[in-house]
Amino acid sequence: MSGTAPERLDRFMARANAAYYAGRDPFADFITAPEISQMFGEILGAWVAVTWQGMGRPDPFVLAEAGPGRGTLMADMMRLMARVAPDCHEAARVHLVETSPRLREVQRAALAGRTAHLPAWHDAIDALPEGPMILLANEFLDALPIRQFVRTEAGWSERFVQGVGFVDLPAGDLPDGPFDRPVPAGEILECCPAALDVARGLAARFARSPGTALLIDYGYDGAVWGDTLQALRDGQPAWPLADPGLADLTAHVDFAAFAHAAVGAACHGSVTQGTLLARLGLFARAGQLARNRSPVEAHAIHDAAQRLAAPDRMGRLFKALAMTSPGLPVPPGFAAAPGMAADEGERHEP
Ligand code: SAH
């Protein structure tokens with residue numbers, strides 16, 4: 001392999017993850033919020049219903065999810081909406097953005113009988129049909145390919161993959177990205193052009209027709225930097241450049257850069273996942289579900305709520321950003337959200 005030409009990191013990551021999601025069961029390697037507890041999807045189902053009210057109850061509307069994994073989040077949202085917001089459930093046309101044929105089949109099975117109208121699948125967010133839309137994405141942006149730039153005394157170099165190692169080559173034209181941050185020499189700044197394209201695409205769409213997006217992921221918000229590329233193989237951390245397609249490659253999401261790219265749309269947050277779920281009633285829901293259960297079951301429900309929301313578990317690292325058409329109400333859970341001032345101007349430790 002050492003004789004091969006260097007491959008830019010984002011191209012390597014795109015190739016590796018396409019093979020990984022097409023061929024492997026990602027959920028053998030990691031567990032996501034909707035897989036931890038049905039409460040996650042129920043709470044976001046109620047969030048969709050309230051957001052839909054605030055948008056003027058458009059009927060029909062596109063209810064989209066990007067990167068739906070096993071379809072658990074959408075299935076849990078649908079079950080809740082059918083019960084407490086039947087008008088919204090009936091108006092929703094479910095559209096899923098998923099590139100893996102294998103996961104599309106898993107999602108189809110998960111949603112069978114749950115939606116009022118048959119769901120449809122698309123390869124990309126910009127292929128979603130026009131019209132009023134609410135879009136959710138949980139742990140989608142972190143799977144998109146990143147570029148890594150190394151600050152040098154002279155400017156920037158860029159990391160390429162050669163064999164199982166990195167080579168730094170002088171950077172040509174820099175892409176749009178947060179290159180104005182005070183990154184010290186020798187440190188890495190990441191840039192995810194595909195995520196910024198999502199931000200720009202949604203902002204342009206939300207200028208044409210009413211829309212709200214909720215993006216939840218692990219990441220950082222503020223003028224920070226650092227190497228966050230990581231690989232999970234068979235549930236264990238692995239070297240990201242070994243055996244492309246056998247490990248899940250992710251990078252933390254740069255919410256500040258995402259919001260900055262969403263020109264023309266209103267962005268709210270980020271807020272931490274813990275704050276969002278607490279504001280949306282996670283602990284009340286847990287109490288309700290735990291009532292009349294055995295002590296063991298009740299403990300499991302409360303523990304799942306803690307796992308989703310406690311700062312030392314998923315509650316702080318995971319963050320949520322809402323993006324809306326200009327003039328729409330602030331979505332539930334985002335009012336008066338304080339910024340993440342604590343991580344301004346620092347290296348971000350994954
Ligand atoms: N949202 C789910 C799954 C997260 S895993 C959950 O919370 O459980 C990431 C998901 O994004 C998978 O469904 C994967 O197939 C999909 N995905 C990854 N890259 C993608 C891309 N470029 N376009 C569309 N879907 C993608």
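Where a number appears in this text, it was derived from the coordinates with a stated rule and is not lab data. Every value quoted in this text rests on a predicted model; they were computed, and no experiment measured them. Here Cβ is always computed from backbone atoms with ideal geometry, including for glycine, and neighbour counts include all displayed protein chains.
Between Ser209 and Ala18, what is the label-point separation in nm under the 7 Å Cα-to-beta-carbon projection?
If labels sit at Ala18 and Ser209, their model points lie 2.9 nm apart.
Along the positive direction of the dipole of region 187-246 (beta-carbon charges: Lys, Arg +1; Asp, Glu -1; about the Cα centre), which of Gln230, Ala203, Cys192 reaches farthest?
Of the listed residues, the answer is Ala203.
Which loop-located GluC sites (Glu not before Pro) does region 51-156 contain, where loop means any DSSP state but H, G, I, E or B and the Cβ has at most 11 other Cβ atoms within 10 Å?
Here the GluC sites (Glu not before Pro) that fit, given the DSSP loop and packing criteria, are Glu130, Glu153.
Using 0.36 nm per residue, how much length does the chain from Glu35 to Ala194 gain when fully extended, once their Cα-Cα distance is taken away?
54.7 nm
Please give the length that would be gained between Phe283 and Arg108 if that part of the chain were fully extended, namely 0.36 nm times their separation in residues minus their C-alpha to C-alpha distance (nm, one decimal). Could you put the intermediate results ahead of the total?
Details: separation 175, 0.36 × 175 = 63.00 nm, distance 3.06 nm.
That works out to 59.9 nm of additional length.
From the phi angles alone, apply the Karplus equation (6.51, -1.76, 1.60; θ = phi - 60°) to region 210-216 and give each ³J(HN,Hα) in whole Hz, x where the residue is Gly or Pro.
Values, residue by residue: x, x, 9, 10, 10, 10, 10 Hz.
Give me a comma-separated list of calculated 3J(HN,Hα) values for region 202-209, in order, Karplus coefficients 6.51, -1.76, 1.60 applied at θ = phi - 60°, integers in Hz, x for any Gly or Pro.
Values, residue by residue: 5, 4, 5, 5, 5, 6, 7, 8 Hz.
Using amide H atoms built 1.01 Å from N in the peptide plane, name the residues 5+ places from Val161, or on other chains, whose amide H lies under 5 Å from its own.
Under 5 Å from the amide H of Val161 lie the amide H atoms of Glu7, Arg8, Leu9, Val167, each far enough along the sequence or on another chain.
Calculate the length of the line joining the C-alpha centroid of region 215-256 to that of region 146-185, in whole Å.
17
State which stretch of the chain is the longest one without any exposed chymotrypsin sites (Phe, Trp or Tyr not before Pro), exposure meaning a DSSP loop state and at most 15 other Cβ atoms within 10 Å.
That gives 180-350 as the longest site-free run.
Please list 3J(HN,Hα) in residue order for region 122-130, calculated via the Karplus relation 6.51 cos²θ - 1.76 cosθ + 1.60 where θ = phi - 60°; whole Hz, with x for glycine and proline.
9, 7, 8, 4, 6, 8, 5, x, 5
If you put +1 on each Lys and Arg Cβ and -1 on each Asp and Glu Cβ, how big is the dipole of the chain around its Cα centre, in Debye rounded to 20? Walk me through the numbers on the way to the answer.
Numbers: 30 positive and 41 negative charges, 230 e Å.
Rounded to the nearest 20 debye, it is 1100 debye.
In nm, give the distance between the simple-model label positions of Asp176 and Thr152, each being 7 Å from the Cα along the Cα-to-Cβ direction.
2.7
What is the Å³ per residue value for the convex hull set by the Cα atoms of region 60-137? Provide the component values of the computation, followed by the final result.
Numbers: hull volume 5.8 nm³, N = 78.
Output value, Cα hull per residue: 74 Å³.
What is the calculated FRET efficiency for Arg11 to Asp59, with r their C-beta to C-beta distance and R₀ = 30 Å, to the nearest 0.05?
0.10
What is the spin-label model distance, in nm, from Ala116 to Arg293 if the labels are put 7 Å beyond Cα along the C-beta direction?
Each label point lies 7 Å from its Cα, and together they span 3.0 nm.
Alpha carbons only, please: Rg and Dmax for region 79-209, in angstrom.
Here Rg and the maximum Cα pair distance are 20.3, 61 Å.
Once you order the gyration tensor axes a ≥ b ≥ c over the Cα atoms, which shape class does region 136-224 get: rounded for a/c under 1.5, otherwise prolate or oblate by comparing a/b with b/c? Show your work: numbers first, answer last.
Details: a/c = 2.27, a/b = 1.95, b/c = 1.16.
Note, shape of region 136-224 comes out prolate.
For the chain, just run the numbers: alpha carbon Rg, then divide by 2.2 N^0.38 Å, N being how many residues it has.
0.99
Would you mind listing how long region 250-302 runs along its three principal axes, going by Cα atoms, in whole Å with the largest first?
For region 250-302, the Cα spread along each principal axis is 50, 26, 11 Å.
5 Å is the cut-off here: which amide hydrogens, built 1.01 Å from N in the peptide plane, fall below it relative to Ala64, excluding neighbours closer than 5 in sequence?
Those lying under 5 Å, H to H, from Ala64 are His95, Ile134, Leu135, Leu136.
I'd like the distance between the alpha-carbon centres of region 37-52 and region 277-325, rounded to an integer number of Å.
If we compute the Cα centre of each part, the gap is 12 Å.
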